[in-house]
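Okay, here's the structure, questions in a sec.
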Amino acid sequence: MMRKLVDLKIRYFNSNEFSKLLLWLKKFGYYVIAVEGLKEKPLQVKGIRILRRITIEAISEGEAKRKLRGIKQRYDIVALKPKSYGVARLAARDGRVDLIPIDEDTLRYVDLSEIRLLEKSRGAFELVLSTMYLNRYNMRFIKALQSKLMLLTRYDVPLVVTSGASNVYELWHPKHVIGLLMLYGVSEYKALDTISFTPNTIIGRE
């Protein structure tokens, strides 16, 4: 695989689980992770660089702007989950937003308007594997996601895939991540980019 792998969403549960996660992430070839729930950020543990991440939600542009104020002084990676079209547009154009999560609530906002705005801000859409797993029997979600991924691929839109793992049982081997995305019609090369080139571009902005 010979790429520097990055997981921009690990959830901190407790120190014991976190130590196990770090061990397996290192075995899988990850060298940078972004963690939600860390009170203090260790710079590097077990050869893995650790960043602090936060996910915020907003239903109005005013709420989003308030939550984003000064946020980059406290967190390395910022994800904004939009709960309206207005917030989706703001997330796509605001340079403080690194990731826009795609899930059952936000799929509807992934359209050409948001894609064109995102091209200028250098952010990326985020697909969390734990969300995909939770919706594995939701055929409406699966079909809608496949359609949106085809749209993102057609316009070469930045996409980051993260695990959302809080324990080792929620981790995916990189080859399995690539295989899963290929089932959705994403090419092997672009699938690899979602866990290497694209997240490396994101962390290069900080």
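Every number in this text was worked out from the coordinates using simple rules, so none of it is lab data. Note that the structure is a prediction, hence the values are computed from the model and not measured. Here the Cβ positions follow ideal geometry from the backbone for every residue, glycine too, while neighbour counts run over all protein chains shown.
Enter the mean projected area of the convex hull around the alpha-carbon atoms of the chain, in nm², rounded to one decimal.
Convex hull of Cα atoms, orientation-averaged projection: 10.6 nm².
In nm, to one decimal, how far is the residue 143 label point from the residue 19 one, both placed 7 Å along Cα→Cβ?
Output for this residue pair reads 4.9 nm.
Lys/Arg Cβ at +1, Asp/Glu Cβ at -1, dipole of the chain taken about the Cα centre: which of 24, 129, 82 is farthest positive-ward?
24
Kindly provide the helix-only [θ] at 222 nm of the chain, computed as the sum of -39,500 (n - 2.57) over DSSP H runs of four or more divided by all residues, to the nearest 500 deg cm²/dmol?
-12000 deg cm²/dmol
Tell me, what is the Rg over Rh of the range 41-144, with Rh the Kirkwood radius over Cα pairs?
Looking at the range 41-144, the ratio lands at 1.01.
If you keep only loop residues by DSSP, which chymotrypsin sites (Phe, Trp or Tyr not before Pro) in the range 75-138 have at most 11 other Cβ atoms within 10 Å of their Cβ?
137
Same structure again: Can you compute the charge dipole magnitude of the range 5-203 about its Cα centre, using +1 on each Lys and Arg Cβ and -1 on each Asp and Glu Cβ, nothing else charged? Give it in debye, rounded to the nearest 20.
Dipole of the range 5-203, to the nearest 20 debye: 380 debye.
Can you put 162, 198 in order, fewest other beta carbons within 10 Å first?
Going from sparsest to densest Cβ surroundings: 198, 162.
Beyond 23 Å between alpha-carbons counts as too far, so tell me which of 39/72; 27/148; 39/120; 20/148; 39/175 fall in that bin.
The answer is 27/148; 39/120; 20/148; 39/175.
How much length is gained on full extension from residue 113 to residue 49, taking 0.36 nm per residue of separation minus their Cα-Cα distance?
Gain on stretching residue 113 to residue 49: 19.6 nm.
Percent of Cα-Cα pairs per 10 Å bin, from 0 to the last occupied bin, for the range 100-147, please list those.
24, 52, 22, 2
Another question about this same structure. Please report 128, 161, 45, 87 as a ranked list, fewest other C-beta atoms within 10 angstrom at the top and most at the bottom.
On the way: 128 22, 161 28, 45 14, 87 25.
Going from least to most buried by this count: 45, 128, 87, 161.
For the modelled label position 7 Å from the Cα of residue 150 along Cα-to-Cβ, which residues of the range 102-140 have backbone nitrogen atoms closer than 11 Å?
Under cut-off, by backbone N: nothing.
Output needed for the range 110-187: three equivalent-ellipsoid semi-axes, defined as square roots of 5 times the C-alpha gyration tensor eigenvalues, in descending order, whole Å.
Numbers: eigenvalues 100, 44, 28 Å².
Those come to 22, 15, 12 Å.
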